[in-house]
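The values are calculated or read from the model by the stated rules, or taken from the named source; none is laboratory data. The shown structure was predicted, so the numbers you read here are calculated from the model rather than taken from an experiment. Note that we place each Cβ from the backbone using ideal geometry, even for glycine, and neighbour counts take in every protein chain shown. When the accessible area is computed, the model is the full protein with side chains, heavy atoms only, and any ligands, DNA or RNA have been set aside. Shrake-Rupley method; radii C 1.70, N 1.55, O 1.52, S 1.80 Å.
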Amino acid sequence: MALSKHIKDKLDKLRPNFPTLQALVIPALHEVQHETGMVSEDSMRDIAEFLNLPFMKVREVVTFYTMFNKKPVGKVHYQLCGNIGCWLNGSDKLMDHMEKRLKIKHGQTTPDGKYTLSKVECLGACGSGPVLQVNEDYNENLDVEKLDQLMDDVFKKIDAGENNIGRETYNPEVWP
Amino acid sequence: MCNNIKIDGEAVEFVQGDTILQAAERAGKGHLIPRYCYHPGLPIAGTCRMCTVEVEKMPKLMTACSTIATDGMVVNTKSERVLKSRAGVMEFLLTNHPLDCPVCDKAGECELQDNNYRYGPVTSSFLEEKRVYSKAATKKLSPNITLNMNRCVHCERCVRFTEEVVKSCDLMMINRGWHKELTLSDEKLGLTSNYQGCLSDICPVGAHTFNDFRFKKRSWFLEQYPSVCDRCSKGCNISVHSENGVVYRFKPHYNEKVNGHWICDEGRLSYHQVMDATRIVKPLLAHEGSLKSTSWELAGAAVNYLITSASKVKVVIGTDATNEEMKYIQASLPDKFGKKFEFSSYCGYGEDKKLDHMLMMKDKTPNSNGASACKLNHLDGDLVGDCDVAILIRYGRSGVPQVKNCKKIIIIGVWTQKEIGSFGTNVEVVLPGLATTEKSGTYINCDGVSQNFSPAIAHLGEGLAVNSIISFFKK
Ligand code: SF4
Ligand code: SF4
Ligand code: FES
Ligand code: FES
């Protein structure tokens, strides 16, 4: 498997804007994840080959960032921040709550493939923690009540067969 | 304009571009600044925060390894803030450390131990369970290196070494924070460089250990003397670690002009040759069809007889002899016996060339350039032939030439039984000599650098220096 033509073209267009080939790793990973929902080992190797880098240079980036999915994720990806800012504001209790409601542990996907629950590193919104990212969208200043409401909402949307859950803030025109 | 900074009240000169740590090192004050991620042979990372010092007029503590020294800087390495910060770093490093020094091979030469004795908080407030990397607690990364990930302090020296120095890129960190783990970049490929032993040298803790040395000896029993590696024409500077004349390992000895901080694995392991159980360390004399051990006097008398009664004697000196040996042999033999000898040198590895971008050379002998300087001509091909007596002198590194049409062979130097076996029954006398680590002398390396060395260990057999050996050949 090689990178799709679409991704290659896009990266070639980005090339002049980046100081080194290594700097293109993150855009490349975003593209791959956008296209396939995750970053597989094969695609890491493809990117390394395309950018002429050692494989480790791509692998270290993928494993460093929790935002890159190493496994397939469900229709809705809940990413709850577990870092210090959010943790001080009670994110661990929210995590317990979500695990109970979804009947999975973090790092897992529900058997019906609808939800994935992840504990992620700082989402960069520490001032309004705890923060939960639902697909692309941020939900801040959460407590158990707000969380329940949010999860109910998502549940209804999935039930209604809606496809754009958690993508209100997503703008494909903006990088990537 | 002079470049001065003050370290703990004492003025210290520095060179433009130095960091505070480098300036301190230059002034012999490096020991005042503990460090983990910094290593003089590697790019600066500035990540471990162990080296922080207080700099006047700067609000925060500064990392000495990455802060450029500027004229007039006033640095304090011992203030209360600094000590508190170091104790903090130590406490954090030890939260997950297994504290298994009693069974750790690095104990005694571990920077974590040393720094904790000097700067650690003595107690720990960490009550939680320690992080354990169960799959990498004792993991063989290659036949040379074993990784114990639980001991790692995540300084990434090893990663920078494989990336920037040997450029094999075969080690990497995956994940982040609590889960950060050193691993092979590619499990299938493993470690690929020829400099793996350096990983164990630079690892400040017992995470990387060198399998050849692992559990062989506690480091504090070892005496260390400098010498020169004779496994190739590079002549890397080494430190010979031994106890009671038994070598346990070679380590690199810094020399900017030759090997920097590194040596190759082949050179590192080449001490086994000095310690080889089949090395001949007693004079031998042919008797009733086989070689029997004898005294130096009898062996010397036999040589005397052979040479005096021969009309054509060829002497082949390996390019692993020192300049002094080559000169002495060429001068003393004709002088002693009042006759002509045909001298030549033998290397056995062909034209020398670099094998990689680092150190290793194709010529696996240390002194080919010395042989030219001592005006020895190369042996034509690999064959010593057509003479009454052939004297073969070599010190374990040069190739073994073939001998044809020579009635008798005299062997001098460092040889194994197997090497001598290749000559069959023509060998009349074997006179054991001293290996590089056991003697003094000079080699000229592939770049023309002339290097003197002194004995690093005492020879354990009956072998002698070449001048003593020749003194047994009577006039
Ligand atoms: S294995 Fe050793 S050198 Fe490598 S990161 Fe860990 S402590 Fe540092
Ligand atoms: S490069 Fe040559 S001289 Fe240096 S350690 Fe290796 S074998 Fe010895
Ligand atoms: S700690 Fe949660 S967003 Fe920064
Ligand atoms: S030695 Fe300076 S930060 Fe590690």
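What is the sum of charges, Lys and Arg at +1 and Asp and Glu at -1, for the other residues whose Cβ falls under 15 Å from the Cβ of B:L379? Intermediate values should be presented prior to the final figure.
Details: positive: B:K314, B:K375, B:R394, B:K404; negative: B:D320, B:E342, B:E351, B:D363, B:D380, B:D382, B:D386.
Net charge in that neighbourhood comes out at -3.
Report, in deg cm²/dmol and to the nearest 500, the calculated mean residue ellipticity at 222 nm for chain B, where each DSSP H run with n ≥ 4 adds -39500 (n - 2.57) and the sum is divided by the residue count.
-5500 deg cm²/dmol
What list of ³J(HN,Hα) values in whole Hz, one per residue of region A:155-160 in order, does the Karplus curve 6.51 cos²θ - 1.76 cosθ + 1.60 (θ = phi - 60°) give from phi, with Gly and Pro shown as x?
4, 4, 5, 5, 4, 7
Determine which lysines satisfy two conditions relative to B:K407: a Cα distance under 25 Å, and not lying fewer than 8 residues away in the same chain.
B:K282, B:K292, B:K312, B:K314, B:K336, B:K339, B:K340, B:K418, B:K474, B:K475
Rank these by accessible area, largest first, 1.4 Å probe: B:H97, B:H154.
Final ranking, largest accessible area leading: B:H154, B:H97.
Would you grab the residues whose amide H sits under 5 Å from the one on B:H208? Only those 5+ places off in sequence or on another chain, please, with H modelled 1.01 Å from N.
Amide H to amide H, under 5 Å and 5 or more residues apart or across chains, B:H208 pairs with B:N148.
Below 8 Å, C-alpha to C-alpha, sequence gap of six or more: please give me the relative contact order for region B:306-365 in percent.
Averaging sequence separation for qualifying contacts and normalising by length gives 34 percent for region B:306-365.
In whole angstrom, how long is each semi-axis of the equivalent ellipsoid of the protein assembly as shown, when you take the square root of 5 times every eigenvalue of its Cα gyration tensor and sort them from largest down? Intermediate results must be reported in sequence, preceding the final value.
Details: eigenvalues 822, 166, 102 Å².
So the three semi-axes of the protein assembly as shown are 64, 29, 23 Å.
I'd like to compare A:160-169, A:44-53: which one has the highest average count of other Cβ atoms within 10 Å, and what's the full order after that?
Put in order of decreasing packing, that is A:44-53, A:160-169.
Around B:V74, which amide H atoms from residues at least 5 apart in sequence, or from another chain, sit under 5 Å from its own amide H, with H modelled in the peptide plane?
Long-range HN contacts for B:V74: B:K6, B:E56.
Just how large is the dipole of the protein assembly as shown about the Cα centre, in debye to the nearest 20, putting +1 at every Lys and Arg Cβ and -1 at every Asp and Glu Cβ?
Value, rounded to 20: 1580 debye.
Shielding by partners for A:55-68, please: the mean number of other protein chain Cβ atoms within 10 Å of each residue's Cβ.
Values: counts 5, 13, 4, 0, 6, 8, 0, 2, 9, 6, 2, 2, 0, 0.
Per-residue shielding by partner chains comes out at 4.
Taking amide H positions as placed in the peptide plane 1.01 Å from N, state which residues far from B:T52 in sequence (5 or more) or on other chains have amide H under 5 Å from it.
Distant-sequence amide H within range of B:T52: B:A64.
At a 1.4 Å probe, what is the % contribution of carbon and sulfur to the accessible area of chain B?
For chain B, the apolar C and S fraction of the accessible surface comes to 52 percent.
In region B:284-471, with Lys and Arg counted as +1 and Asp and Glu as -1 at Cβ, which of these residues, B:F453, B:V427, B:W296, has the Cα nearest the positive end of the dipole, that is, farthest along it?
B:V427
Answer rounded, prolate or oblate for region B:138-193, using the Cα gyration tensor with square roots of eigenvalues a ≥ b ≥ c: rounded when a/c is under 1.5, else prolate when a/b is larger than b/c, else oblate.
In terms of gyration-tensor shape, oblate.
If you roll a 1.4 angstrom probe over the protein chains with everything in place, what fraction of the accessible area of chain A belongs to carbon and sulfur, to the nearest %?
Numbers: 5080 of 9800 Å².
Using a 1.4 Å probe with all protein chains present, chain A comes out at 52 percent carbon and sulfur.
Counting Lys +1, Arg +1, Asp -1, Glu -1, what net charge surrounds B:T138 among other residues with beta carbon under 12 Å of its beta carbon?
My count for the surroundings of B:T138 gives +3.
Give a residue-ordered list of calculated ³J(HN,Hα) values for region B:257-269 (Karplus: 6.51 cos²θ - 1.76 cosθ + 1.60, θ = phi - 60°; whole Hz; x for Gly, Pro).
7, 10, 10, x, 9, 10, 9, 8, 5, 4, x, 4, 8
Quick check for me: using +1 on Lys/Arg Cβ and -1 on Asp/Glu Cβ, what's the dipole size of chain A about its Cα centre, in debye to the nearest 20?
The calculated dipole for chain A is roughly 440 debye.
Would you mind computing Rg(Cα) / (2.2 N^0.38 Å) for region B:132-274, counting N as its residues?
Against the empirical 2.2 N^0.38 Å value, I get 1.07 for region B:132-274.
So what is the relative contact order of region B:4-78, in percent, for Cα pairs below 8 Å that sit 6 or more residues apart?
Values: 138 pairs, mean separation 30.7, N = 75.
Once divided by the residue count of region B:4-78, the mean separation gives 41 percent.
Once every DSSP H run of n ≥ 4 in chain A is given -39500 (n - 2.57) and the sum is divided by its residues, what mean residue ellipticity at 222 nm do you get, rounded to the nearest 500 deg cm²/dmol? Before the final figure, lay out each step's value.
Details: 7 runs with 75 residues, N = 176.
Value at 222 nm, helices only, nearest 500: -13000 deg cm²/dmol.
List, in order, the whole-Hz ³J(HN,Hα) value for each residue of region B:303-310 obtained from phi through the Karplus relation with A = 6.51, B = -1.76, C = 1.60 and θ = phi - 60°; use x for Gly and Pro.
Whole-Hz 3J(HN,Hα) from phi for region B:303-310: 4, 4, 5, 4, 6, 5, 8, 8.
What accessible area per residue, rounded to a whole number of Å², is obtained for region B:28-153 using a probe radius of 1.4 Å? The partial results should precede the final answer.
Values: 6500 Å² over 126 residues.
Here the residues of region B:28-153 average 52 Å² of exposed surface.
What's the total accessible area buried between chains A and B, using a 1.4 Å probe, rounded to the nearest 100 Å²?
Adding both sides of the contact gives about 1100 Å².
Over chain B, what is the relative contact order in percent, taking alpha-carbon pairs closer than 8 angstrom and at least six residues apart?
12
Net charge near B:Q417: determine it from the other residues with C-beta under 11 Å of the C-beta of B:Q417, scoring Lys and Arg +1 and Asp and Glu -1.
On the way: positive: B:R279, B:K418; negative: B:D276, B:E419.
In short, 0.
Hey, got the average number of other protein chain Cβ atoms within 10 angstrom for residues in B:155-164?
Mean shielding count: 1.
Please state the charge dipole magnitude for chain B, taken about the Cα centre, from unit charges on C-beta atoms (+1 on K and R, -1 on D and E), reported in debye and rounded to the nearest 20.
Dipole of chain B, to the nearest 20 debye: 420 debye.
Semi-axes of the equivalent ellipsoid for chain B, please: Cα gyration tensor eigenvalues, times 5, square-rooted, ordered largest first, whole Å.
On the way: eigenvalues 547, 116, 73 Å².
They are 52, 24, 19 Å, listed largest first.
Would you work out which of A:P72, A:S40, A:C86 lies farthest towards the positive end of the dipole of region A:29-110, given +1 charges on the beta-carbon of Lys and Arg and -1 on that of Asp and Glu, about the Cα centre?
A:C86
Answer with one residue from A:Y170, B:A207, B:W220: the one whose Cα lies farthest towards the positive end of the charge dipole of the protein assembly as shown, charges on Cβ with Lys, Arg +1 and Asp, Glu -1.
The listed residue farthest towards the positive side: B:W220.
What order do you get for B:232-244, B:293-305 when each peptide is scored by the mean count of other beta carbon atoms within 10 Å, highest first?
The packing order, highest mean first, is B:232-244, B:293-305.
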